[in-house]
Amino acid sequence: MSNDYILECSIDPRKGKLSVKGIITIPAPPRNALFILNRGLRWTKTVRRTAMGNIALEVYKTDDVEVPKFYNGDLWVFQIDEPDLDEIVIEVEYSGQIHPPSKESRMPVMGYIKKDFVELACYCAWYPVPFNMETHLFFDVVLKGPEDWTWKANGTCKKLRETDDSNIWKLKQDSLVNDITLVGLPERNAHLDSESLFWGPKDMIGSQKILDNDARKMLELLEEWLGPRGTENPVKFVITPRTQGGAYARSGHIVVGGGYATDIKLRPQVLQAMCHEICHDWFCKASVKNFDNWVDESLAEYCSIIVTDDYLKEDFLDWRVSLTKEKLEKQGHVPSIRNLTRDQDESYAAYYFRGFLLLNEISEKVGRNLFRDIIGEFARLSVKSDTVTSEMFLEFIEKKSGKKIYDVANLWLDFEGTGIP
Ligand SMILES: [Zn+2]
């Protein structure tokens, strides 16, 4: 399933305003198409392009289905009455401001248009986000922004031309991705150095550059182990002034709120956290709608910890295993991995902590070196696959190792309670 987005956006950071004209091509849905859009944005046009010309498209808001908590937006139903078509072409226009999540949702502010920085991704539903999260997309965006701003997206991002009071940029992604992310800031405030892994406000990047060398070497180690990354975009850590919500990775484009700690004492953990995000260039195919997402998160955690152990040679793995056990114990009762989805708070402890410990347990059973080779092979398979499931992953290990690992894996995946089984 893939959607194709052709958007013309105009962003006015001084007024905090966004307006978009777009054409979205989607595979014909069984009945209706569902999209999430930020509460502060208003539809001004919704039509369907057909062979007979444009016809008005009925859209309405619904509460019938719950939107996963990490999306800050309302769910809209686009009524499609003729299901016997291959694809549907929708024309939309909408505009307004990006509203933060409501206070009672206790969700972090992940998207905003401010006068000195813009950060937009699916979390704030700045474009009509397909409700079916298995849907991947291509995009082609023409962006009109202030004349002195510079931008970065999870695809190619180039200045097309200048006008008197604005700059036109073109953002494009030809391979399937799961988001359209966009960050921008006034060029005079931007750290622009193609040699550096970092991109963002000068005053924040200055301190981050100390991490460049180590992170670059670790990226090489990961590529040696896991094979080519699933994207041709170079790895960039985009540092944003956001103070809540952590990091997200989108095909080489890693957006980090607030940047990384630079205290030397914290260096091993920081490098591991950076590698975790890089690892999502291989591990990003499991659904976030069900528990399969544990595969991506625990693999990103496991591989980043192993590579940190290789690079620093300070028994990082053993230290992390005991630290993770402690942290998981401290969490108290945590539901089983199989009973959690990504939008539930406890999924973090389950997927990152218990999931990592499970992979470590399997690696002990299989043998660390063989397990490492198997993960390397699985990474190569993952970048070529459309989706990855728990079943696929476990079967792969069992087949390649010749060891029975299902019983252990199921025991762990079904375990609910404190710590590990
Ligand atoms: Zn992750």
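Odds and ends about this structure:
- Filtered by the rule that a residue be in contact with a helix residue (DSSP H, G or I) (Cβ under 8 Å, 6 or more places away or on another chain) and hydrophobic (A, V, I, L, M, F, W, C), the stretch 310-328 gives Leu312, Phe316, Leu317, Val321, Leu328.
- From the options Val321, Val307, residue that is more than 11 Å from the ligand (Cβ to nearest atom) and either closer than 20 Å to Gly419 by Cα or not in a helix (DSSP H, G or I) (or both): Val321
- Test: residue in the stretch 294-315 that is among the aromatic types (Phe, Trp, Tyr), over 26 Å from Asn178 (Cβ atoms) and touching a Ser or Thr at 6+ places or on another chain (Cβ under 7 Å): no
- Filtered residues of the stretch 254-290 (kept if more than 25 Å from Ile210 (Cβ to Cβ), away from the ligand (no atom under 13 Å from the Cβ) and in contact with a Pro (Cβ under 9 Å, 6 or more places away or on another chain)): Lys289
- For the stretch 266-294, the set of residues classified as among the polar types (S, T, N, Q) and either closer than 17 Å to Leu413 by Cβ or buried (at least 19 other Cβ atoms within 10 Å of the Cβ) (or both) consists of Gln272, Ser287, Asn290, Asn293, listed by residue number.
- Within the stretch 267-308, the set of residues being of a type in the set (Ser, Thr, Tyr) and in contact with a His (Cβ under 7 Å, 6 or more places away or on another chain) comprises just one member, Ser304.
- Taking the stretch 386-421 as the range and being of a type outside the set (A, V, I, L, M), closer than 23 Å to Thr231 by Cβ and surrounded by 13 or more Cβ atoms within 10 Å (Cβ to Cβ) as the test, the residues that pass are Thr389, Phe393, Phe396.
Rundown of residues vs (1) in the same structural domain as Met218 (by TED's automatic domain parsing); (2) aliphatic (A, V, I, L, M); (3) within 20 Å of Leu211 (Cα to Cα), yes/no style:
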residue: Asp292; (1), (2), (3): yes, no, no
residue: Glu297; (1), (2), (3): yes, no, no
residue: Ser304; (1), (2), (3): yes, no, yes
residue: Asp318; (1), (2), (3): yes, no, no
residue: Lys327; (1), (2), (3): yes, no, no
residue: Val334; (1), (2), (3): yes, yes, no
residue: Ile337; (1), (2), (3): yes, yes, no
residue: Gln344; (1), (2), (3): yes, no, no
residue: Ala349; (1), (2), (3): yes, yes, no
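- Residue within the stretch 296-304 that is in contact (Cβ under 8 Å) with a residue 24 or more places away in the chain and more than 15 Å from the ligand (Cβ to nearest atom) present: no
- Where strands (runs of 3 or more DSSP E) fall wholly inside the stretch 43-123, the ranges with 2 or more residues that are touching a residue at least 40 places away in the same chain (Cβ under 8 Å) and crowded, with 18+ Cβ neighbours inside 10 Å are 74-79, 87-97, 118-120.
- Against the list (1) free of Cβ contacts under 8 Å to residues at least 40 places away in the same chain; (2) under 24 Å from Asn38 (Cβ atoms), the condition His191 fails is (2).
- Test: residue in the stretch 233-253 that is in a loop (DSSP other than H, G, I, E, B), free of Cβ contacts under 8 Å to residues at least 60 places away in the same chain and more than 16 Å from the ligand (Cβ to nearest atom): yes
The values are calculated or read from the model by the stated rules, or taken from the named source; none is laboratory data. These numbers were taken from a predicted model, which means no experiment stands behind them. Neighbour counts are summed over all protein chains in view; Cβ atoms, including those assigned to glycine, are modelled from backbone coordinates with ideal geometry.
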